[in-house]
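Contents: one structure, followed by commentary.
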Amino acid sequence: MTRQGPVSTYLNRPLAASLARGIQATPLAPAHVIALAIVVAAAAAGALAAGWNIPGAVAIQVVNVLDGVGHDLARLRDRTSRLDPILNAAAGRYADLLVFGGLTAHAVRFEDHPRPEFIGALALGAVLIVSYSRARIEADLPDVAARPNLDAIFRFAGRDALLLIAAIGALLGQCYLALVAVAATSALTIAWRLLYLRITIGGRRLPPA
């Protein structure tokens with residue numbers, strides 16, 4: 001149900017679809033692609049922590065593209081399951097932890113800015129809350145989640161866009177500024193969602209479980 005942002009629509013999805021078609025006839029399964037994304041995220045974190053910002057940036061964008069390859073591969077093989085979204089979500093959060101941890105390590109070791117560890121923790125926390133808030137809305141308020149206005153203003157702040165910001169920041173050697181941008185964008189997204197829910201549903205009670 002989650003709507004794709006513009007980065008996925010115009011950049012990541014065409015690449016992911018091509019890769020999925022390329023490996024459709026191989027023994028690789030969507031779970032292998034998900035595991036590969038975590039490995040690449042770990043490589044990105046290690047590269048950034050070592051000061052290799054350009055390889056780290058490339059690895060972050062590879063993670064961004066791989067996020068859609070598993071889904072497209074399952075769709076091409078018509079083997080989607082109810083477990084897939086849960087597996088994707090859990091793996092995605094681990095990948096986020098590695099990517100933004102790597103950005104923070106680079107900012108601490110190689111950049112001269114105040115309190116980079118605090119900004120890194122703030123950015124990671126905000127990214128996790130963006131994902132969690134969307135999941136809770138989809139689970140408890142599916143009618144609201146289906147409305148295009150929920151993320152109309154900050155649709156560009158999806159995980160695809162946040163990872164692209166991270167990749168660009170790493171490429172430029174400005175991981176601290178990338179973390180600031182991610183934290184601010186995520187915070188605005190969360191604030192908008194809460195405001196939208198307050199305006200549209202107010203104090204509406206949820207049905208009993």
Residue pairs meeting the criteria (Cβ under 8 Å; at least 6 apart or on separate chains; first closer than 11 Å to Val65 by Cα and assigned to a helix (DSSP H, G or I), in the range 5-27; second modelled with pLDDT of 85 or more and hydroxyl-bearing (Ser, Thr, Tyr))
none
Over the range 106-119, the set of residues crowded, with 21+ Cβ neighbours inside 10 Å and more than 18 Å from Ile190 (Cβ to Cβ) is His106, Ala107, Pro116
Filter pass, Arg82 being at negative phi, among the charged types (D, E, K, R) and without any contact (Cβ under 8 Å) to a residue 40 or more places away in the chain
yes
Selected residue [without any contact (Cβ under 8 Å) to a residue 12 or more places away in the chain and small (Gly, Ala, Ser)] from Ala74, Ala95, Ala126, Ala90
Ala90
Return yes when Ala47 is part of a helix (DSSP H, G or I), aliphatic (A, V, I, L, M) and in contact with a Pro (Cβ under 7 Å, 6 or more places away or on another chain) and no when it is not.
yes
Search result, residues across the range 66-113 that are outside any helix (DSSP H, G or I) and among the charged types (D, E, K, R)
Asp78, Arg79, Arg82, Glu111, Asp112
If Ile168 passes every condition in (1) crowded, with 17+ Cβ neighbours inside 10 Å; (2) over 13 Å from Gly102 (Cα atoms); (3) among the aliphatic types (A, V, I, L, M); (4) modelled with pLDDT of 90 or more but one, which one does it miss?
(1)
Members of the range 48-89 found to be surrounded by 15 or more Cβ atoms within 10 Å (Cβ to Cβ), under 14 Å from Gly169 (Cβ atoms) and aliphatic (A, V, I, L, M), listed by number:
Leu48, Ala57, Val58, Ala59, Ile60
Of all the residues that make up the range 57-93, how many are over 22 Å from Leu15 (Cβ atoms), of a type outside the set (D, E, K, R) and under 14 Å from the mean Cα position of the chain (by Cα)?
1
For the range 177-203, enumerate the residues that are more than 30 Å from Phe110 (Cβ to Cβ) and assigned to a helix (DSSP H, G or I).
Ala191, Trp192, Arg193, Leu194, Leu195, Tyr196, Leu197, Arg198, Ile199, Thr200
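The values are calculated or read from the model by the stated rules, or taken from the named source; none is laboratory data. Remember, predicted model here, so these are calculated numbers, not experimental data. When we count neighbours, we look across all protein chains shown, and the Cβ atoms used for this are built from the backbone with ideal geometry, even at glycine.
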